[in-house]
Amino acid sequence: MPSVQIKNVPNDVHRTLRTRAAASGQSLQEFLLELLVEEASFESAAAVFDRIERDESGGSLPLETTVEIIRRHRDAG
């Protein structure tokens, strides 16, 4: 399995990550691996936009309905 090495981590960042790892009962390596796996599971915004752009099915709501929903949420907040 490949490994990753990160150099020049600022002391305060390293200290914070070490503290969070300990608080979760993990080694720093386990904690960081969990963060990396979680981050890699998310689709990038660029990939989402590309997928939407390729989708030719169009939206499922009429424009007027969409505008009304947005206005209601905006005005309620």
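The values are calculated or read from the model by the stated rules, or taken from the named source; none is laboratory data. All figures in this text were calculated on a predicted structure; none of them were measured in a lab. Quick reminder, even Gly has a Cβ in these numbers, built from the backbone with ideal geometry, and neighbours come from all protein chains shown.
Pairing each residue of the stretch 1-29 that is over 21 Å from Ala40 (Cβ atoms) with any residue that is at pLDDT 95 or above, provided the two are 6+ apart or on different chains, yields C-beta distances under 6 Å for Arg18/Leu28.
Would it be correct to say that Ile6 is at pLDDT below 95, among the β-branched types (Val, Ile, Thr) and surrounded by fewer than 11 Cβ atoms within 10 Å (Cβ to Cβ)? The answer is no for Ile6.
Could you tell me whether Leu33 is hydrophobic (A, V, I, L, M, F, W, C) and at pLDDT 95 or above? Yes, satisfied.
Taking the stretch 25-72 as the range and being hydroxyl-bearing (Ser, Thr, Tyr) and either touching a Gly at 6+ places or on another chain (Cβ under 6 Å) or surrounded by 11 or more Cβ atoms within 10 Å (Cβ to Cβ) (or both) as the test, the residues that pass are Ser27, Thr65, Thr66. Just wondering, is there one or more residues in the stretch 15-30 that are outside any helix (DSSP H, G or I) and modelled with pLDDT under 90? Among the residues of the stretch 15-30, not one is outside any helix (DSSP H, G or I) and modelled with pLDDT under 90, which makes the answer no.
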